[in-house]
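Working notes for the structure below.
The values are calculated or read from the model by the stated rules, or taken from the named source; none is laboratory data. Just so it is clear, the model here is predicted, and its values are computed rather than measured. Glycine gets a Cβ as well: all are built from the backbone with ideal geometry, and neighbour counts include every protein chain shown. Note: areas computed on protein heavy atoms with side chains; ligands, DNA, RNA excluded. Shrake-Rupley method; radii C 1.70, N 1.55, O 1.52, S 1.80 Å.
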Amino acid sequence: MIPSKPIVNPFPNAPNPAPTHDAHDAHANPKLNPFAAVNARVHKAADILEIKENYRKLLTTPWREVKVALPMLDDKGELRLFEGYRVQHNGVRGPYKGGVRYHPQVDMDEVRALASLMTWKCSLVDIPFGGAKGGIAVDPHTLSMRELQTLTRRFMHSLKKMVGPYKDIMAPDMGTNPQIMGWMMDAYGLLHGYTPAIVTGKPIPLGGTPGRLDATGLGVAMVARRVLEEKGEDIRDKTVVVQGFGNVGSYAALHMSNMGARVVAVADASGALYEKSGLDIPKLMLYAQNTGGVAGFPEAEKSSSQDTTEILNQACDILVPAALGNVIHGGNMAQIKTRYVLEGANGPVTPEADEFLGDRGVVVVPDILCNAGGVIASYFEWAQNIQVHQWEKTEHHMELDRHLSEAFAEVSRLAQQHNLSLREAAFVVGVDRVHKAALARGH
(Lines give C-alpha, C1' and ligand atoms only; values in the text may rest on other atoms or scores of the structure.)
Protein backbone atom coordinates (compact mmCIF):
# COMPACT_ATOMS: atom_id res chain seq x y z
CA MET A 1 0.00 0.00 0.00
CA ILE A 2 2.82 2.41 0.88
CA PRO A 3 5.91 3.07 -1.25
CA SER A 4 9.21 2.97 0.61
CA LYS A 5 10.75 6.28 -0.52
CA PRO A 6 11.40 8.86 2.25
CA ILE A 7 8.94 11.73 2.69
CA VAL A 8 9.77 15.25 3.86
CA ASN A 9 7.58 16.45 6.75
CA PRO A 10 5.52 19.41 5.43
CA PHE A 11 3.66 20.27 8.65
CA PRO A 12 3.08 24.02 9.07
CA ASN A 13 2.07 26.01 12.11
CA ALA A 14 -1.62 26.76 12.67
CA PRO A 15 -3.97 29.77 12.56
CA ASN A 16 -4.56 32.89 10.40
CA PRO A 17 -5.11 33.80 6.71
CA ALA A 18 -7.97 32.94 4.40
CA PRO A 19 -8.57 29.27 3.62
CA THR A 20 -7.07 27.75 0.53
CA HIS A 21 -7.67 24.50 -1.27
CA ASP A 22 -4.44 24.63 -3.24
CA ALA A 23 -2.40 21.49 -2.67
CA HIS A 24 0.93 23.25 -2.23
CA ASP A 25 -0.06 26.15 0.04
CA ALA A 26 -0.12 23.84 3.06
CA HIS A 27 3.54 23.09 2.47
CA ALA A 28 4.69 26.64 1.83
CA ASN A 29 2.86 28.95 4.25
CA PRO A 30 4.04 28.66 7.88
CA LYS A 31 0.92 30.37 9.31
CA LEU A 32 -2.19 28.61 8.11
CA ASN A 33 -5.70 28.43 9.52
CA PRO A 34 -6.98 25.22 11.20
CA PHE A 35 -8.45 23.82 7.98
CA ALA A 36 -5.14 24.24 6.15
CA ALA A 37 -3.34 22.63 9.10
CA VAL A 38 -5.57 19.54 8.76
CA ASN A 39 -5.01 19.54 5.01
CA ALA A 40 -1.25 19.57 5.57
CA ARG A 41 -1.66 16.23 7.32
CA VAL A 42 -3.83 14.93 4.50
CA HIS A 43 -1.17 15.99 1.98
CA LYS A 44 1.49 14.17 4.01
CA ALA A 45 -0.60 10.99 3.82
CA ALA A 46 -1.21 11.60 0.11
CA ASP A 47 2.56 11.93 -0.41
CA ILE A 48 3.13 8.59 1.29
CA LEU A 49 0.32 6.96 -0.72
CA GLU A 50 1.46 8.69 -3.97
CA ILE A 51 -2.03 10.03 -4.65
CA LYS A 52 -2.33 12.13 -7.79
CA GLU A 53 -2.82 15.90 -7.58
CA ASN A 54 -6.39 15.97 -8.90
CA TYR A 55 -7.50 13.47 -6.27
CA ARG A 56 -5.78 15.50 -3.56
CA LYS A 57 -8.00 18.42 -4.46
CA LEU A 58 -11.02 16.14 -4.21
CA LEU A 59 -9.92 14.94 -0.76
CA THR A 60 -9.17 18.40 0.63
CA THR A 61 -12.08 20.41 -0.79
CA PRO A 62 -15.42 20.47 1.11
CA TRP A 63 -18.33 19.33 -1.02
CA ARG A 64 -20.78 21.83 0.43
CA GLU A 65 -20.62 24.79 2.82
CA VAL A 66 -23.60 26.68 4.20
CA LYS A 67 -23.74 29.84 6.30
CA VAL A 68 -27.17 30.79 7.61
CA ALA A 69 -28.60 33.82 9.39
CA LEU A 70 -30.62 32.88 12.46
CA PRO A 71 -32.95 35.66 13.69
CA MET A 72 -34.51 35.16 17.11
CA LEU A 73 -36.70 37.19 19.45
CA ASP A 74 -35.17 37.01 22.92
CA ASP A 75 -37.10 36.96 26.20
CA LYS A 76 -37.23 40.76 26.21
CA GLY A 77 -38.83 40.83 22.76
CA GLU A 78 -35.64 42.16 21.13
CA LEU A 79 -34.49 40.79 17.77
CA ARG A 80 -31.08 39.11 17.86
CA LEU A 81 -29.23 37.72 14.87
CA PHE A 82 -26.85 34.76 15.05
CA GLU A 83 -24.72 33.03 12.42
CA GLY A 84 -24.87 29.28 11.86
CA TYR A 85 -22.66 26.99 9.78
CA ARG A 86 -22.73 23.50 8.30
CA VAL A 87 -19.90 22.02 6.24
CA GLN A 88 -20.25 18.69 4.46
CA HIS A 89 -16.68 17.72 3.72
CA ASN A 90 -16.72 14.34 1.99
CA GLY A 91 -19.46 11.74 1.57
CA VAL A 92 -17.99 9.02 -0.64
CA ARG A 93 -18.14 6.43 2.17
CA GLY A 94 -21.65 7.20 3.42
CA PRO A 95 -23.95 9.91 4.80
CA TYR A 96 -22.29 12.98 6.28
CA LYS A 97 -21.84 12.78 10.04
CA GLY A 98 -20.71 15.36 12.53
CA GLY A 99 -21.58 17.31 15.63
CA VAL A 100 -23.02 20.78 16.14
CA ARG A 101 -20.99 23.19 18.27
CA TYR A 102 -22.42 26.19 20.15
CA HIS A 103 -19.54 28.52 21.02
CA PRO A 104 -18.97 32.27 20.51
CA GLN A 105 -15.75 31.63 18.54
CA VAL A 106 -17.29 29.26 16.00
CA ASP A 107 -16.50 30.34 12.43
CA MET A 108 -16.28 28.78 8.99
CA ASP A 109 -12.55 28.02 9.23
CA GLU A 110 -13.02 26.02 12.43
CA VAL A 111 -16.06 24.17 11.08
CA ARG A 112 -14.20 23.28 7.86
CA ALA A 113 -11.31 21.85 9.86
CA LEU A 114 -13.59 19.84 12.15
CA ALA A 115 -15.62 18.52 9.20
CA SER A 116 -12.42 17.34 7.53
CA LEU A 117 -11.27 15.62 10.72
CA MET A 118 -14.61 13.80 10.84
CA THR A 119 -14.03 12.44 7.32
CA TRP A 120 -10.71 10.86 8.33
CA LYS A 121 -11.98 9.77 11.74
CA CYS A 122 -14.97 7.87 10.31
CA SER A 123 -12.75 6.31 7.66
CA LEU A 124 -10.06 5.33 10.17
CA VAL A 125 -12.47 3.44 12.45
CA ASP A 126 -14.19 2.04 9.35
CA ILE A 127 -17.77 3.15 9.88
CA PRO A 128 -19.94 4.01 6.84
CA PHE A 129 -20.07 7.79 7.26
CA GLY A 130 -18.51 10.82 5.65
CA GLY A 131 -17.41 13.91 7.51
CA ALA A 132 -19.41 17.02 8.41
CA LYS A 133 -19.58 19.61 11.17
CA GLY A 134 -21.81 22.48 12.18
CA GLY A 135 -22.12 25.23 14.69
CA ILE A 136 -23.64 28.48 15.84
CA ALA A 137 -21.59 31.45 17.01
CA VAL A 138 -23.25 31.79 20.42
CA ASP A 139 -22.50 31.29 24.10
CA PRO A 140 -25.32 28.93 25.12
CA HIS A 141 -24.90 29.87 28.79
CA THR A 142 -26.18 33.38 28.02
CA LEU A 143 -29.52 32.09 26.69
CA SER A 144 -32.61 30.99 28.57
CA MET A 145 -34.00 27.53 27.85
CA ARG A 146 -36.72 29.08 25.68
CA GLU A 147 -34.18 31.11 23.71
CA LEU A 148 -31.90 28.10 23.29
CA GLN A 149 -34.75 25.93 22.02
CA THR A 150 -35.95 28.65 19.64
CA LEU A 151 -32.45 29.12 18.19
CA THR A 152 -31.94 25.34 17.85
CA ARG A 153 -35.21 24.85 16.00
CA ARG A 154 -34.43 27.78 13.70
CA PHE A 155 -31.07 26.21 12.87
CA MET A 156 -32.62 22.85 12.00
CA HIS A 157 -35.30 24.57 9.93
CA SER A 158 -32.60 26.44 7.97
CA LEU A 159 -30.83 23.15 7.14
CA LYS A 160 -33.91 21.04 6.49
CA LYS A 161 -33.14 20.44 2.79
CA MET A 162 -29.55 19.29 3.27
CA VAL A 163 -29.89 16.94 6.26
CA GLY A 164 -31.61 13.59 6.64
CA PRO A 165 -31.01 10.09 8.06
CA TYR A 166 -29.29 9.05 4.81
CA LYS A 167 -27.91 12.51 3.96
CA ASP A 168 -26.40 14.22 7.01
CA ILE A 169 -26.81 13.23 10.66
CA MET A 170 -26.00 15.70 13.43
CA ALA A 171 -24.84 15.04 17.00
CA PRO A 172 -23.79 16.91 20.17
CA ASP A 173 -20.48 18.72 20.42
CA MET A 174 -19.07 21.52 22.56
CA GLY A 175 -21.93 23.57 24.00
CA THR A 176 -24.66 21.14 22.93
CA ASN A 177 -26.22 18.15 24.67
CA PRO A 178 -28.91 15.42 24.39
CA GLN A 179 -31.72 17.91 25.06
CA ILE A 180 -30.64 20.08 22.11
CA MET A 181 -30.56 16.95 19.93
CA GLY A 182 -34.08 16.17 21.09
CA TRP A 183 -35.26 19.60 19.95
CA MET A 184 -33.53 19.10 16.59
CA MET A 185 -35.15 15.71 16.13
CA ASP A 186 -38.58 17.16 16.92
CA ALA A 187 -38.10 20.14 14.58
CA TYR A 188 -37.16 17.80 11.72
CA GLY A 189 -40.00 15.44 12.62
CA LEU A 190 -42.59 18.22 12.33
CA LEU A 191 -41.64 18.46 8.64
CA HIS A 192 -40.87 14.84 7.79
CA GLY A 193 -42.57 12.69 10.41
CA TYR A 194 -40.98 10.61 13.16
CA THR A 195 -37.31 10.27 12.18
CA PRO A 196 -35.13 9.38 15.19
CA ALA A 197 -32.08 8.63 13.00
CA ILE A 198 -31.81 12.30 11.97
CA VAL A 199 -29.61 13.02 15.03
CA THR A 200 -27.59 10.94 17.46
CA GLY A 201 -26.77 11.64 21.08
CA LYS A 202 -30.49 12.02 21.81
CA PRO A 203 -32.22 11.49 25.16
CA ILE A 204 -32.90 7.80 25.84
CA PRO A 205 -36.74 8.21 25.62
CA LEU A 206 -36.35 9.52 22.05
CA GLY A 207 -34.29 6.62 20.77
CA GLY A 208 -30.93 7.46 22.25
CA THR A 209 -28.57 4.67 23.23
CA PRO A 210 -27.46 4.10 26.85
CA GLY A 211 -23.77 4.02 25.94
CA ARG A 212 -23.61 7.28 23.99
CA LEU A 213 -23.07 9.81 26.77
CA ASP A 214 -19.74 8.47 28.01
CA ALA A 215 -18.58 6.92 24.73
CA THR A 216 -15.94 9.50 23.78
CA GLY A 217 -14.31 9.52 27.21
CA LEU A 218 -14.57 5.74 27.51
CA GLY A 219 -12.94 5.45 24.09
CA VAL A 220 -10.02 7.62 25.26
CA ALA A 221 -9.51 5.24 28.20
CA MET A 222 -9.77 2.15 25.98
CA VAL A 223 -7.17 3.54 23.57
CA ALA A 224 -4.89 4.50 26.47
CA ARG A 225 -5.01 0.93 27.74
CA ARG A 226 -4.20 -0.47 24.27
CA VAL A 227 -1.28 1.93 23.77
CA LEU A 228 0.26 0.99 27.11
CA GLU A 229 -0.28 -2.73 26.54
CA GLU A 230 1.62 -2.51 23.28
CA LYS A 231 4.51 -0.92 25.17
CA GLY A 232 4.43 -3.77 27.70
CA GLU A 233 2.97 -1.55 30.41
CA ASP A 234 -0.15 -1.64 32.58
CA ILE A 235 -2.43 1.35 33.02
CA ARG A 236 -2.75 0.58 36.72
CA ASP A 237 -1.00 3.15 38.92
CA LYS A 238 -0.10 5.34 35.95
CA THR A 239 -0.49 9.03 36.77
CA VAL A 240 -2.98 10.95 34.62
CA VAL A 241 -3.59 14.68 34.09
CA VAL A 242 -6.79 15.79 32.35
CA GLN A 243 -7.30 19.31 31.00
CA GLY A 244 -11.01 19.88 30.43
CA PHE A 245 -13.63 18.26 32.66
CA GLY A 246 -16.64 18.33 30.37
CA ASN A 247 -18.25 15.27 28.88
CA VAL A 248 -15.02 13.93 27.32
CA GLY A 249 -12.54 14.76 30.06
CA SER A 250 -14.70 13.70 32.99
CA TYR A 251 -15.55 10.29 31.55
CA ALA A 252 -11.98 9.72 30.36
CA ALA A 253 -10.85 10.41 33.92
CA LEU A 254 -13.58 8.18 35.35
CA HIS A 255 -12.85 5.18 33.16
CA MET A 256 -9.06 5.44 33.49
CA SER A 257 -9.55 5.67 37.25
CA ASN A 258 -11.75 2.55 37.10
CA MET A 259 -8.92 0.82 35.22
CA GLY A 260 -6.58 1.55 38.13
CA ALA A 261 -4.84 4.74 36.98
CA ARG A 262 -4.35 7.66 39.38
CA VAL A 263 -5.86 10.91 38.10
CA VAL A 264 -3.64 13.37 39.95
CA ALA A 265 -4.77 16.64 38.35
CA VAL A 266 -7.75 17.99 36.43
CA ALA A 267 -8.78 21.44 35.22
CA ASP A 268 -11.73 23.16 33.64
CA ALA A 269 -12.71 26.78 33.07
CA SER A 270 -13.30 27.27 36.82
CA GLY A 271 -9.84 26.22 37.96
CA ALA A 272 -7.44 23.34 38.57
CA LEU A 273 -7.09 20.59 41.18
CA TYR A 274 -4.08 18.56 42.33
CA GLU A 275 -4.06 15.43 44.47
CA LYS A 276 -0.90 13.29 44.55
CA SER A 277 -2.69 10.16 45.76
CA GLY A 278 -5.36 10.46 43.05
CA LEU A 279 -8.67 12.30 42.91
CA ASP A 280 -11.97 10.59 43.68
CA ILE A 281 -13.45 11.06 40.21
CA PRO A 282 -17.06 9.95 40.91
CA LYS A 283 -17.25 12.44 43.80
CA LEU A 284 -15.59 15.14 41.68
CA MET A 285 -18.06 14.60 38.82
CA LEU A 286 -20.97 15.02 41.21
CA TYR A 287 -19.36 18.11 42.75
CA ALA A 288 -18.73 19.70 39.32
CA GLN A 289 -22.28 18.94 38.26
CA ASN A 290 -23.68 20.67 41.34
CA THR A 291 -21.33 23.67 41.40
CA GLY A 292 -20.61 24.21 37.69
CA GLY A 293 -16.87 23.49 37.93
CA VAL A 294 -14.07 21.63 39.69
CA ALA A 295 -12.60 24.60 41.61
CA GLY A 296 -12.99 24.33 45.36
CA PHE A 297 -13.38 20.55 45.49
CA PRO A 298 -12.73 19.87 49.19
CA GLU A 299 -10.94 16.53 48.77
CA ALA A 300 -8.10 17.93 46.64
CA GLU A 301 -4.65 18.60 48.04
CA LYS A 302 -4.52 21.87 46.09
CA SER A 303 -7.17 23.92 44.28
CA SER A 304 -6.44 26.92 42.09
CA SER A 305 -8.59 29.31 40.09
CA GLN A 306 -5.58 30.55 38.11
CA ASP A 307 -4.81 29.97 34.42
CA THR A 308 -5.92 26.37 33.93
CA THR A 309 -3.63 25.84 30.94
CA GLU A 310 -0.72 25.58 33.42
CA ILE A 311 -1.95 22.11 34.32
CA LEU A 312 -0.53 20.92 31.00
CA ASN A 313 2.96 21.36 32.50
CA GLN A 314 2.24 18.98 35.37
CA ALA A 315 4.49 15.90 35.34
CA CYS A 316 2.56 12.69 34.63
CA ASP A 317 2.57 9.45 32.66
CA ILE A 318 -0.52 10.28 30.59
CA LEU A 319 -1.72 13.76 29.61
CA VAL A 320 -5.24 14.13 28.21
CA PRO A 321 -5.99 17.56 26.69
CA ALA A 322 -9.78 17.34 26.44
CA ALA A 323 -10.85 20.98 26.12
CA LEU A 324 -10.06 23.29 23.19
CA GLY A 325 -7.73 23.00 20.21
CA ASN A 326 -4.15 24.27 19.96
CA VAL A 327 -3.51 24.22 23.73
CA ILE A 328 -0.11 22.54 23.28
CA HIS A 329 1.90 24.79 20.98
CA GLY A 330 5.29 26.35 20.34
CA GLY A 331 5.04 28.51 23.44
CA ASN A 332 4.61 25.68 25.95
CA MET A 333 5.71 22.47 24.23
CA ALA A 334 9.10 22.46 25.96
CA GLN A 335 7.36 22.43 29.37
CA ILE A 336 5.30 19.30 28.65
CA LYS A 337 6.45 16.55 31.04
CA THR A 338 4.64 13.38 30.08
CA ARG A 339 5.30 10.15 28.17
CA TYR A 340 1.90 9.89 26.47
CA VAL A 341 -0.44 12.56 25.10
CA LEU A 342 -3.95 11.34 24.28
CA GLU A 343 -5.92 13.89 22.29
CA GLY A 344 -9.36 13.92 23.85
CA ALA A 345 -10.15 17.25 22.17
CA ASN A 346 -9.97 17.96 18.45
CA GLY A 347 -6.59 19.36 17.44
CA PRO A 348 -5.17 20.15 20.90
CA VAL A 349 -1.57 19.74 19.70
CA THR A 350 -0.33 22.08 16.97
CA PRO A 351 1.76 20.58 14.13
CA GLU A 352 4.87 22.31 15.46
CA ALA A 353 4.39 20.87 18.95
CA ASP A 354 3.47 17.47 17.52
CA GLU A 355 6.80 17.21 15.73
CA PHE A 356 8.72 18.52 18.75
CA LEU A 357 7.13 16.04 21.16
CA GLY A 358 7.68 13.18 18.73
CA ASP A 359 11.37 14.02 18.49
CA ARG A 360 11.54 13.86 22.31
CA GLY A 361 10.01 10.39 22.31
CA VAL A 362 6.58 11.42 23.59
CA VAL A 363 3.84 9.19 22.14
CA VAL A 364 1.05 11.41 20.80
CA VAL A 365 -2.16 9.50 20.06
CA PRO A 366 -4.07 11.57 17.47
CA ASP A 367 -7.60 12.86 17.89
CA ILE A 368 -8.98 10.98 14.89
CA LEU A 369 -8.22 7.75 16.75
CA CYS A 370 -8.26 8.74 20.41
CA ASN A 371 -11.64 10.52 20.54
CA ALA A 372 -13.38 8.42 17.89
CA GLY A 373 -15.49 6.65 20.50
CA GLY A 374 -18.18 9.31 20.16
CA VAL A 375 -18.76 8.88 16.45
CA ILE A 376 -18.56 5.08 16.73
CA ALA A 377 -21.30 5.23 19.37
CA SER A 378 -23.25 7.59 17.12
CA TYR A 379 -23.04 4.99 14.37
CA PHE A 380 -24.41 2.39 16.79
CA GLU A 381 -27.30 4.68 17.73
CA TRP A 382 -28.06 5.51 14.09
CA ALA A 383 -28.01 1.83 13.11
CA GLN A 384 -30.32 0.93 16.01
CA ASN A 385 -32.75 3.71 15.03
CA ILE A 386 -32.78 2.51 11.41
CA GLN A 387 -33.44 -1.06 12.55
CA VAL A 388 -35.89 -0.04 15.33
CA HIS A 389 -33.77 -2.02 17.78
CA GLN A 390 -32.09 -1.34 21.14
CA TRP A 391 -28.75 -2.75 22.31
CA GLU A 392 -27.77 -3.56 25.87
CA LYS A 393 -25.05 -1.32 27.32
CA THR A 394 -22.61 -4.23 27.67
CA GLU A 395 -23.00 -5.03 23.97
CA HIS A 396 -22.39 -1.38 23.17
CA HIS A 397 -19.14 -1.30 25.18
CA MET A 398 -17.89 -4.56 23.65
CA GLU A 399 -18.44 -3.28 20.11
CA LEU A 400 -16.86 0.05 20.94
CA ASP A 401 -13.75 -1.67 22.27
CA ARG A 402 -13.59 -3.91 19.21
CA HIS A 403 -13.76 -1.01 16.73
CA LEU A 404 -11.13 1.03 18.58
CA SER A 405 -8.84 -1.95 19.13
CA GLU A 406 -8.93 -2.89 15.46
CA ALA A 407 -8.27 0.70 14.39
CA PHE A 408 -5.36 1.05 16.81
CA ALA A 409 -3.87 -2.29 15.72
CA GLU A 410 -3.94 -1.18 12.06
CA VAL A 411 -2.42 2.21 12.87
CA SER A 412 0.27 0.70 15.09
CA ARG A 413 1.20 -1.94 12.51
CA LEU A 414 1.53 0.68 9.78
CA ALA A 415 3.53 3.02 12.00
CA GLN A 416 6.05 0.34 12.91
CA GLN A 417 6.29 -1.09 9.42
CA HIS A 418 6.99 2.25 7.73
CA ASN A 419 8.59 4.24 10.58
CA LEU A 420 5.68 6.68 10.89
CA SER A 421 4.21 8.50 13.87
CA LEU A 422 0.80 7.31 15.05
CA ARG A 423 -0.75 10.46 13.55
CA GLU A 424 0.89 9.94 10.18
CA ALA A 425 -0.21 6.29 10.14
CA ALA A 426 -3.77 7.18 11.20
CA PHE A 427 -4.11 9.68 8.37
CA VAL A 428 -2.64 7.21 5.88
CA VAL A 429 -5.30 4.64 6.83
CA GLY A 430 -8.13 7.20 6.71
CA VAL A 431 -7.05 8.90 3.49
CA ASP A 432 -6.40 5.60 1.72
CA ARG A 433 -9.93 4.33 2.39
CA VAL A 434 -11.59 7.54 1.23
CA HIS A 435 -9.40 7.64 -1.89
CA LYS A 436 -10.29 4.05 -2.76
CA ALA A 437 -13.99 4.76 -2.23
CA ALA A 438 -13.77 7.78 -4.55
CA LEU A 439 -12.09 5.63 -7.21
CA ALA A 440 -14.74 2.92 -6.80
CA ARG A 441 -17.47 5.52 -7.36
CA GLY A 442 -15.83 6.51 -10.63
CA HIS A 443 -14.84 10.00 -9.52
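What to note about this one:
- Mean-square fluctuations from a GNM of the chain, with a 10 angstrom spring cutoff on Cα atoms, peak among 132, 269, 113 at 269.
- Placing pseudo-labels 7 Å out from each Cα toward the beta carbon at residue 190 and residue 286 gives an inter-label distance of 3.9 nm.
- For residue 57, the solvent-accessible surface with a 1.4 Å probe is about 100 Å², rounded to the nearest 10.
- Sequence of 234, 126, 168 when ordered by accessible area, the most exposed leading, probe 1.4 angstrom: 126, 234, 168
- Expected 222 nm ellipticity per residue - DSSP helices of 4 or more, -39500 (n - 2.57), all of the chain, to 500: -13500 deg cm²/dmol
- Beta-bridge orientation, the stretch 167-310: approximately 55 percent antiparallel, per DSSP, counting only bridges with both partners inside.
- Area projected by the alpha carbon convex hull of the chain, averaged over all directions, nm²: 20.6
- A probe of 1.4 angstrom, applied to the heavy atoms of all protein chains, finds residue 355 with accessible area near 80 square angstrom.
- Among 128, 366, 172, residue whose mean-square fluctuation peaks in a GNM of the chain (springs only between Cα atoms under 10 Å): 128
- Restricting the trypsin sites (Lys or Arg not before Pro) of the stretch 283-347 to loop positions (DSSP other than H, G, I, E, B) with no more than 14 neighbouring Cβ atoms within 10 Å leaves 337.
- For the stretch 340-372 versus the stretch 238-289, the gap between their alpha-carbon centres in whole angstrom: 20
- Here the label points at residue 418 and residue 313, each 7 Å from Cα along the C-beta direction, are separated by 3.8 nm in the simple model.
- Element breakdown for the chain at a 1.4 angstrom probe: carbon and sulfur atoms account for 51% of the accessible area.
- Antiparallel DSSP beta bridges within the chain, as percent of all bridges there, nearest 5: 45
- Charges were assigned to the Cβ only: +1 to each Lys and Arg, -1 to each Asp and Glu. The resulting dipole of the stretch 363-420 about its Cα centre is roughly 140 debye.
- If you take the alpha carbon atoms of the stretch 179-225 and fit the smallest convex hull around them, that volume is 63 Å³ per residue.
- Most mobile listed residue (65, 110, 233) in the chain, GNM with C-alpha springs under 10 Å: 233
- Hydrodynamic radius (Kirkwood) for the stretch 200-356, which is based on Cα pairs only, to one decimal in Å: 15.7
- Additional length obtainable on full extension of the chain from residue 81 to residue 277, 0.36 nm per residue less Cα span: 65.6 nm
- Share antiparallel - DSSP beta bridges, the stretch 97-242, percent rounded to 5: 10
- 81, 159, ranked by accessible area, largest first (probe 1.4 Å): 81, 159
- Surface calculation, 1.4 Å probe, protein heavy atoms: residue 163 sits at approximately 0 Å² accessible.
- Between residue 52 and residue 237, the simple spin-label model (points 7 angstrom out along Cα→Cβ) gives 5.8 nm.
- Taking one quarter of the surface of the convex hull spanned by the alpha-carbon atoms of the stretch 303-419 gives a direction-averaged projected area of 9.7 nm².
- Residue-normalised accessible area of the chain, given per residue in Å² at a 1.4 Å probe: 40
- Rel. contact order, % - alpha carbon contacts under 8 angstrom, at least six apart, the chain: 15
- Here the gap between residue 302 and residue 64, fully extended at 0.36 nm per residue and compared with their Cα-Cα distance, gives a gain of 80.8 nm.
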